[in-house]
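Q: Take a look at the following structure, please.
The values are calculated or read from the model by the stated rules, or taken from the named source; none is laboratory data. Since the model is a prediction, treat every value here as computed from it, not as a measurement. Positions of Cβ are generated from backbone atoms using ideal geometry, with glycine treated the same way; all protein chains shown enter the neighbour counts. Side chains are part of the model used for accessible areas, which takes the heavy atoms of the whole protein and leaves out ligands, DNA and RNA. Shrake-Rupley method; radii C 1.70, N 1.55, O 1.52, S 1.80 Å.
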Protein chains: 4
Amino acid sequence: MSARRRDSQTTAAARAGRRAELLATAAEVFASRGYAATTVREVADAADILGGSLYYHFDSKEAMVDEILSVFLADMWSAYDKVIASGLGARETFEALITESFRCIERYRPAVVIYQNESKHLATNPRFSYLVDSQQRFREMWLSVLDRGVTDGILRADLDTGLIYRFIRDTVWVAASWYRTDGPLPAEEIARQYIAMVLEGILTT
Amino acid sequence: MSARRRDSQTTAAARAGRRAELLATAAEVFASRGYAATTVREVADAADILGGSLYYHFDSKEAMVDEILSVFLADMWSAYDKVIASGLGARETFEALITESFRCIERYRPAVVIYQNESKHLATNPRFSYLVDSQQRFREMWLSVLDRGVTDGILRADLDTGLIYRFIRDTVWVAASWYRTDGPLPAEEIARQYIAMVLEGILTT
Amino acid sequence: MSARRRDSQTTAAARAGRRAELLATAAEVFASRGYAATTVREVADAADILGGSLYYHFDSKEAMVDEILSVFLADMWSAYDKVIASGLGARETFEALITESFRCIERYRPAVVIYQNESKHLATNPRFSYLVDSQQRFREMWLSVLDRGVTDGILRADLDTGLIYRFIRDTVWVAASWYRTDGPLPAEEIARQYIAMVLEGILTT
Amino acid sequence: MSARRRDSQTTAAARAGRRAELLATAAEVFASRGYAATTVREVADAADILGGSLYYHFDSKEAMVDEILSVFLADMWSAYDKVIASGLGARETFEALITESFRCIERYRPAVVIYQNESKHLATNPRFSYLVDSQQRFREMWLSVLDRGVTDGILRADLDTGLIYRFIRDTVWVAASWYRTDGPLPAEEIARQYIAMVLEGILTT
DNA sequence: CATGAATGAGGGTTCATTCAT
DNA sequence: AATGAATGAACCCTCATTCAT
């Protein structure tokens with residue numbers, strides 16, 4: 001009985017572990033080749049199993065990206081929510097959000113790349129409607145921070161906040177496509193320089 | 001005689017015109033659906049002809065993107081080269097290059113989107129080796145401008161110019177994915193605000 | 001009036017001439033590339049016109065081979081018939097038929113090659129039922145000559161005449177695939193050696 | 001353990017068997033309809049599977065003919081090489097080569113037919129350069145045998161050996177197009193009569 | 001859990017053919 | 001007579017997916 005229980009526990013844990021392994025592999029491949037251009041066989045090859053075998057673990061190719069993106073977004077929002085809930089001032093919030101973003105990139109690089117490259121196309125599928133929701137929520141969050149910054153007199157009022165928002169969104173996330181964990185600059189240093197650049201500009205003062 | 005000449009002129013012009021028309025349509029579709037995910041039939045549908053008919057004008061789907069990208073890049077570089085050749089100071093060069101970039105986006109939006117989204121994958125194909133060349137040349141051009149800016153004491157020396165370069169590259173081009181010709185802000189205004197943001201930052205001074 | 005007549009005569013003659021020219025070109029191309037593997041465009045290219053233009057002269061690609069083969073077969077049979085009708089002895093008939101065959105090859109090489117390579121497949125099409133008829137008539141003609149040879153004591157009786165027939169048929173016609181008008185051996189010399197070989201064998205006596 | 005071994009043996013054998021089965025089917029269809037004119041679907045229909053399924057076993061239609069022809073040629077040359085290596089006299093070599101050829105036809109009829117009909121066109125493709133090599137080697141082998149025959153005084157000197165070579169080549173192989181395993185004459189009898197015909201001629205002596 | 005074989009829809013491409021000019 | 005553009009069926013091939021073992 002206890003043997004059986006241990007067995008099933010082991011099995012369940014192993015199954016979950018295998019699942020995570022396969023998802024990590026899939027994310028890597030999707031990120032580097034592009035979701036649409038990646039064949040299920042390529043994912044399977046990278047995981048050293050046969051194409052059909054993936055279907056024991058996942059319902060479909062779509063289900064794989066779905067899980068990859070959901071997990072990433074859930075974690076990202078949990079981090080953002082903590083920042084928002086901590087009641088910081090506009091500037092501190094700004095910096096914390098950007099730092100959190102770069103941390104996300106560090107932890108979920110492949111997922112972020114997929115998100116960047118594919119979410120526009122995936123979003124047309126009802127299954128991925130949460131991508132649209134997330135994007136909208138993201139926009140509202142940032143605009144609220146930026147507007148607060150303008151109101152508080154911290155941010156320049158002569159710039160379109162919509163433009164600033166896009167500016168930030170684009171540069172932060174696109175970093176996922178070139179950021180390497182083993183590169184010369186650690187995530188925190190990149191975040192620091194990035195924040196300096198965005199806040200103070202690149203001109204000498 | 002003159003009738004014949006006009007005829008052949010009309011014919012030649014019509015032919016080139018049709019080609020350009022089809023390319024414009026294809027660029028639009030590739031940009032919105034993604035090159036790999038777009039079927040030749042979708043392009044044909046958008047052009048109101050049958051799939052096979054495209055092959056009267058183009059050798060292959062690949063030949064279409066090739067032409068779309070080559071034309072855009074040729075024009076872009078001709079604009080950049082003029083700026084470089086005009087012997088402006090570092091700051092003026094900086095501003096002129098960015099303004100030219102936004103003008104390119106305005107004129108070649110779909111091509112720029114395709115360039116952004118697909119060039120990484122396309123570049124693995126020898127046929128598109130010019131994409132790699134262009135990217136390298138682009139990088140060298142910007143680094144040279146930025147380094148000159150630092151040397152001249154115009155740009156901050158405490159930031160990694162490689163990071164600034166990527167920062168600029170990403171934000172400028174990614175604008176193609178949201179820029180609309182009929183949007184509220186004209187290209188020049190966007191360029192102006194963008195330059196202000198990058199040079200002076202978004203903080204109040 | 002007379003001008004008009006001369007015109008229409010000229011036109012009709014020219015049309016027939018053009019037709020023959022195009023057919024000769026088509027035969028050459030079909031022979032060298034294979035009928036099925038040859039595209040209408042390839043024929044047109046060889047004739048220095050556009051693909052669609054061929055349809056002014058011929059109803060279809062099929063109509064072209066049809067005409068090529070019919071003309072050749074009609075001429076061949078007219079030659080054979082003369083031989084048969086001339087009441088020669090078995091051996092003289094044998095030699096005359098073979099000589100006639102090599103003459104045909106000389107005059108209609110491309111048509112003969114097409115006949116050799118494609119008639120089996122074409123024959124499944126009712127339009128080309130005459131190919132089957134011709135083959136059967138050919139077989140009967142030769143068997144009759146060979147049987148007469150055996151009866152007259154001229155040909156060996158220990159060989160299957162069916163086998164001899166195939167033997168002759170194959171070697172004679174297949175020569176079309178390697179025979180060149182400008183080669184070292186003229187048609188008559190080839191016929192002579194060929195006849196010697198078949199009749200007397202290749203051993204020294 | 002032994003069960004597992006038997007399993008894997010069975011599997012491997014079954015796999016090779018299936019491959020061979022499919023190749024045999026393909027060869028049959030290619031031979032009867034012509035390679036170019038045969039669609040992959042026709043092959044699949046004949047094998048009672050769907051068109052796409054063939055691509056699980058073979059890379060392409062081309063890969064199928066390639067394997068069909070390579071296997072046949074390899075076996076043929078292994079047989080020829082044995083004959084050549086056995087150091088027989090000119091006449092015995094002659095007879096042995098022809099007998100071997102008819103045996104090849106018996107065993108590889110469809111492959112031989114394909115070889116006859118398609119090798120000229122296939123040979124333009126670098127992948128099939130071995131066809132050209134084989135033809136050249138074949139020619140050299142025969143000319144060497146024939147020349148030896150003339151030198152030894154066994155063969156007539158008044159005939160062009162190049163012509164004899166073509167004569168033999170054509171008649172032997174073309175037999176594949178009419179030879180039926182279940183026909184009235186067994187391969188050895190055909191070879192015997194064929195050799196008699198070629199060596200001694202068809203005239204009474 | 002994984003394999004091997006097959007499915008079947010659909011994708012890029014070719015090509016005989018048509019037709020207005 | 002010939003052109004140039006288009007048609008549409010069919011072709012080779014790919015790939016997500018299924019399923020018996």
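Q: Under 8 Å between Cβ atoms, which residue pairs at least 6 apart in sequence (or on different chains) link something in the stretch D:69-92 that is within 25 Å of D:Ile154 (Cβ to Cβ) with a partner that is not in a helix (DSSP H, G or I)?
A: D:Gly89/D:Asp152; D:Ala90/D:Asp152; D:Ala90/D:Ile154; D:Ala90/D:Leu155; D:Arg91/D:Ile154
Q: Taking only the stretch D:158-205 into account, find how many residues are surrounded by 15 or more Cβ atoms within 10 Å (Cβ to Cβ), more than 7 Å from chain C (Cβ to nearest Cβ) and among the polar types (S, T, N, Q).
A: 2
Q: Residue pairs, Cβ under 7 Å, 6 or more apart or interchain, first in the stretch C:22-39 and in contact (Cβ under 8 Å) with a residue 60 or more places away in the chain, second in a helix (DSSP H, G or I) and within 11 Å of DNA strand E (Cβ to nearest atom). List them.
A: C:Phe30/C:Val65; C:Tyr35/C:Val65
Q: Evaluate the stretch D:193-202: report whether one residue or more is more than 15 Å from D:Phe94 (Cα to Cα) and at pLDDT 85 or above.
A: To start, the set of residues in the stretch D:193-202 that are more than 15 Å from D:Phe94 (Cα to Cα) comprises D:201-202.
Now restrict to residues that are at pLDDT 85 or above: D:201-202.
Yes, because at least one residue in the stretch D:193-202 is more than 15 Å from D:Phe94 (Cα to Cα) and at pLDDT 85 or above.
Q: Give the number of residues within the stretch A:20-30 that are within 14 Å of A:Tyr108 (Cβ to Cβ), away from DNA strand F (no atom under 13 Å from the Cβ) and either modelled with pLDDT of 95 or more or not in a helix (DSSP H, G or I) (or both). Let's see the steps before the verdict.
A: Restricting attention to the stretch A:20-30, the residues satisfying the condition of being within 14 Å of A:Tyr108 (Cβ to Cβ) are A:20, A:23-24, A:26-28, A:30.
From what is left, the residues that are away from DNA strand F (no atom under 13 Å from the Cβ) are A:20, A:23-24, A:27-28.
So of that shortlist, the ones also either modelled with pLDDT of 95 or more or not in a helix (DSSP H, G or I) (or both) come out as A:23-24, A:27-28.
Total satisfying the criteria: 4.
Q: Here's another thing I want to ask about it. Does the stretch D:22-34 include one or more residues that are within 11 Å of DNA strand E (Cβ to nearest atom), outside the structural domain of D:Glu106 (by TED's automatic domain parsing) and open to solvent by less than 60 Å² (accessible area, probe 1.4 Å)? Even if it seems obvious, please write down each step before you answer.
A: To start, the set of residues in the stretch D:22-34 that are within 11 Å of DNA strand E (Cβ to nearest atom) comprises D:22.
Checking which are outside the structural domain of D:Glu106 (by TED's automatic domain parsing) leaves us with D:22.
Keeping just the survivors that are open to solvent by less than 60 Å² (accessible area, probe 1.4 Å) gives D:22.
Scanning the stretch D:22-34 turns up at least one residue that is within 11 Å of DNA strand E (Cβ to nearest atom), outside the structural domain of D:Glu106 (by TED's automatic domain parsing) and open to solvent by less than 60 Å² (accessible area, probe 1.4 Å).
Q: Just one of D:Asp81, D:Asp75, D:Asp66 is among the charged types (D, E, K, R), more than 16 Å from DNA strand E (Cβ to nearest atom), over 20 Å from D:Gly17 (Cβ atoms) and not assigned by TED's automatic domain parsing to the domain that holds D:Ala24; which is it? Break it down stepwise before answering.
A: Details: D:Asp75 fails: over 20 Å from D:Gly17 (Cβ atoms); D:Asp66 fails: over 20 Å from D:Gly17 (Cβ atoms).
Exactly one residue qualifies, and that residue is D:Asp81.
Q: Moving on to the next point. Which ranges mark the helices (runs of 4 or more DSSP H) fully within the stretch A:37-128 that have 3 or more residues being away from DNA strand F (no atom under 15 Å from the Cβ), away from chain B (no Cβ under 14 Å) and open to solvent by 40 Å² or more (accessible area, probe 1.4 Å)?
A: Correct list: A:61-85, A:90-122.
Q: Still on this model: Can you name the residue in the stretch A:129-155 that is open to solvent by 30 Å² or more (accessible area, probe 1.4 Å) and not in a helix (DSSP H, G or I) and is also farthest from the other protein chains (Cβ to nearest Cβ) among such residues?
A: So, considering only residues that are open to solvent by 30 Å² or more (accessible area, probe 1.4 Å) and not in a helix (DSSP H, G or I), the one farthest from the other protein chains (Cβ to nearest Cβ) is A:Asp152.
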